[in-house]
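See structure below.
The values are calculated or read from the model by the stated rules, or taken from the named source; none is laboratory data. Bear in mind that the values here come from a model prediction, so they are computed numbers and not experimental data. All Cβ positions, glycine included, derive from the backbone under ideal geometry; neighbour counts span all protein chains shown.
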Amino acid sequence: MNFACHQISKTFTSRKGKINALRGIDFSVINQDFVCIVGPSGCGKTTLLKIIAGLIQPTSGEVTFTDSVEKGKLRSAMVFQDLGLFPWMSVLDNVALGLEIQGVGRRERQARASVFLARVGLASFIHSFPHELSGGMRQRVAILRAFLSDPQVLLMDEPFGSLDTQTRLVMQEELLRVWKDYHKTVIYVTHDIDEAILLGDRILVMSGRPGSIRADIPVEFGRPRQLADRDRPDLVSLHWQIWKIIEDEVRKEVGIVQ
Amino acid sequence: MTLNRKLFWLIPAAVLLVWEIASRTGIIPALFFPPPSIILAAFVNLIISGRLAVHLGITLLRLGVGFVLGAIPGIAIGLAMGWSSDLYAFLDPFVSALHPIPKIAVFPLIMIIFGLGDWSKIVIIAITVFFPVLINSIVGVHQLNPVYFEVTKNYGASRWLTFKRLVFPGSLPMILAGIRIALNMALMITVMVELLNANQGLGVLLWFDWETLHVPELYAVLVVIALVGLVINTYIPKWLSRLAAWYEFHPEELITT
């Protein structure tokens, strides 16, 4: 086992009153599992990731990790929805940031970042700034930064959410390719059911606010996976199975009640 | 475009020419508006006699020392206030109360404390520079996307590394904008305090020329002040902005990336 969430609840207090973001989240994750979390918008997916990352504290419950971290190693690294690439730093320095914080020397971290960047075809962009890259390239830079810091768990918050559909499909395959070489535990938040099925070993389906886990569905088809697998009848039916679970929530969210 | 730009020079040149003729023919009083050629002669004489170097030199020295002494604490305290909401809550009322006081109004008090020499002038310049730099530094940190701080926290960055990699470089464009405002205010206050009390400096030249009714020289000194302003507003910002080149074309990066 890698880590577990025990009865996590989170309540935000704002001027308008209290908002119950999460209620009774309870699950555990085994090593090297690729877990996708699917749910309607506003269900607290991002909050859950940030709690796992230790960036915010739950109101009740706790996250426990099985293995202790070695000194200088990271528990988790998060790929943020709005990336958080530093616009004043080159691509190379951005990718190496995690290593820099871990205390890796300048030469070594730049060498390791260069190797990573070259492997995904960004070798000629190492001295560019983030704003000089396309959306898809930035996404890869943000993901590489997290991978390179070699965390126990990789937390990804809708990393492809802002990309157009075509770019997103290519990026999903690319992510699987990188993940295959650096087998890590991944928690991947998305609202795209197809994306969750293509990427995940397991899908946690969340309810609307307050977010809780409605279903825990294994994706039992092998790897390597390709985009073409989307059309397999068993996956299509899996898609509808998940959709049925969240359909009502989504309708409620946009105010369409039948 | 190039043609138009060349034409821009024709307009001030034409104004000077009309001025010259009007002044020499007595259409406008030559005592108040001496011909530009006479002003130019006074300007050249100011340089040749070596007076300009002495007075401009002392003015720039006061301005420079006062600027550094005001800007460094301004940046340091501003970044700290922007970064720490506790410090901000504690210090902001003082900043709000002290900032609007006209700095020239404090000058008599400063002279009593620091004497009639250069230090009282330097202190008043430093105080003038301090506030715009401080406020821009605070805003510089506040406008940073909160996700940047989550990134450094996520990787477990120390305070020093967070400062070096995030707080300082991210705020730099705003700090530089504050420096530009501060330099203008510093030049104004420097000339003002030199008018009030000094033995040397551009302000002293102005006052001397007023007392002796050397009107062409008066104009010549104003031209010098304007030229210093030109350097402050065009060349120094251009040179400083290289420090934050990333910001030039994509200021929106700060908020949306």
Cβ-Cβ below 7 Å, separation at least six or inter-chain, first residue in segment B:230-241 and surrounded by 14 or more Cβ atoms within 10 Å (Cβ to Cβ), second among the aliphatic types (A, V, I, L, M): which pairs?
-> B:I232/B:L183; B:I232/B:L187; B:I236/B:L183; B:L240/B:L176; B:L240/B:I179; B:S241/B:L176
Out of the residues in segment A:82-110 that are more than 8 Å from chain B (Cβ to nearest Cβ) and either of a type in the set (S, T, N, Q) or in contact (Cβ under 8 Å) with a residue 60 or more places away in the chain (or both), which is nearest to A:F3 (Cα to Cα)?
-> A:N94
Only one of these conditions is not met by A:A21: (1) in contact with a Gly (Cβ under 9 Å, 6 or more places away or on another chain); (2) within 10 Å of chain B (Cβ to nearest Cβ); (3) not in a loop (DSSP other than H, G, I, E, B). Which number is it?
-> (2)
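To keep it simple, each residue is scored yes or no on (1) within 21 Å of the chain's Cα centre (by Cα); (2) touching a residue at least 60 places away in the same chain (Cβ under 8 Å).
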{"residue": "B:G64", "(1), (2)": "yes, no"}
{"residue": "B:F67", "(1), (2)": "yes, yes"}
{"residue": "B:G70", "(1), (2)": "yes, yes"}
{"residue": "B:I75", "(1), (2)": "yes, yes"}
{"residue": "B:H99", "(1), (2)": "yes, no"}
{"residue": "B:P102", "(1), (2)": "yes, no"}
{"residue": "B:V106", "(1), (2)": "yes, no"}
{"residue": "B:I112", "(1), (2)": "no, no"}
Among A:V95, A:V141, A:V79, A:V91, which is hydrophobic (A, V, I, L, M, F, W, C), modelled with pLDDT of 85 or more, more than 20 Å from the chain's Cα centre (by Cα) and outside the structural domain of A:L49 (by TED's automatic domain parsing)?
-> A:V91
Among (1) free of Cβ contacts under 8 Å to residues at least 60 places away in the same chain; (2) surrounded by fewer than 22 Cβ atoms within 10 Å (Cβ to Cβ); (3) more than 18 Å from A:V186 (Cα to Cα), which single condition is A:I8 missing?
-> (2)
Where a residue in segment A:56-71 is in the same structural domain as A:S28 (by TED's automatic domain parsing) and among the charged types (D, E, K, R) and its partner, wherever it lies, is modelled with pLDDT of 85 or more and outside any loop (DSSP other than H, G, I, E, B), with Cβ under 7 Å and at least six apart = A:E62/A:H6
Filter result (among the charged types (D, E, K, R) and over 20 Å from B:G229 (Cα atoms)) within segment B:153-210 = B:K153, B:R159, B:K164, B:R165, B:D209
Which residues, counting only those in segment A:54-81, are surrounded by 23 or more Cβ atoms within 10 Å (Cβ to Cβ) and either facing chain B (nearest Cβ under 7 Å) or part of a loop (DSSP other than H, G, I, E, B) (or both)?
-> A:A77, A:M78, A:F80
Criterion (at pLDDT 85 or above, within 14 Å of another protein chain (Cβ to nearest Cβ) and within 21 Å of A:P40 (Cα to Cα)) met by exactly one of A:I193, A:I187 | A:I187
Is it fair to say A:L199 is touching a Lys or Arg at 6+ places or on another chain (Cβ under 9 Å), away from chain B (no Cβ under 14 Å), within 30 Å of A:D234 (Cα to Cα) and without any contact (Cβ under 8 Å) to a residue 60 or more places away in the chain?
-> no
Going through (1) in a loop (DSSP other than H, G, I, E, B); (2) in contact with a Pro (Cβ under 7 Å, 6 or more places away or on another chain) one by one, A:K10 fails only at (1)
Please give the helices (runs of 4 or more DSSP H) falling wholly within segment A:102-189 in which 1 or more residues are within 21 Å of A:I203 (Cβ to Cβ).
-> A:135-148, A:165-181
Any chance A:H131 is more than 24 Å from A:Q241 (Cβ to Cβ) and touching a His at 6+ places or on another chain (Cβ under 6 Å) | yes
Any idea how many residues of segment A:111-135 are more than 12 Å from chain B (Cβ to nearest Cβ) and not basic (K, R)?
-> 16
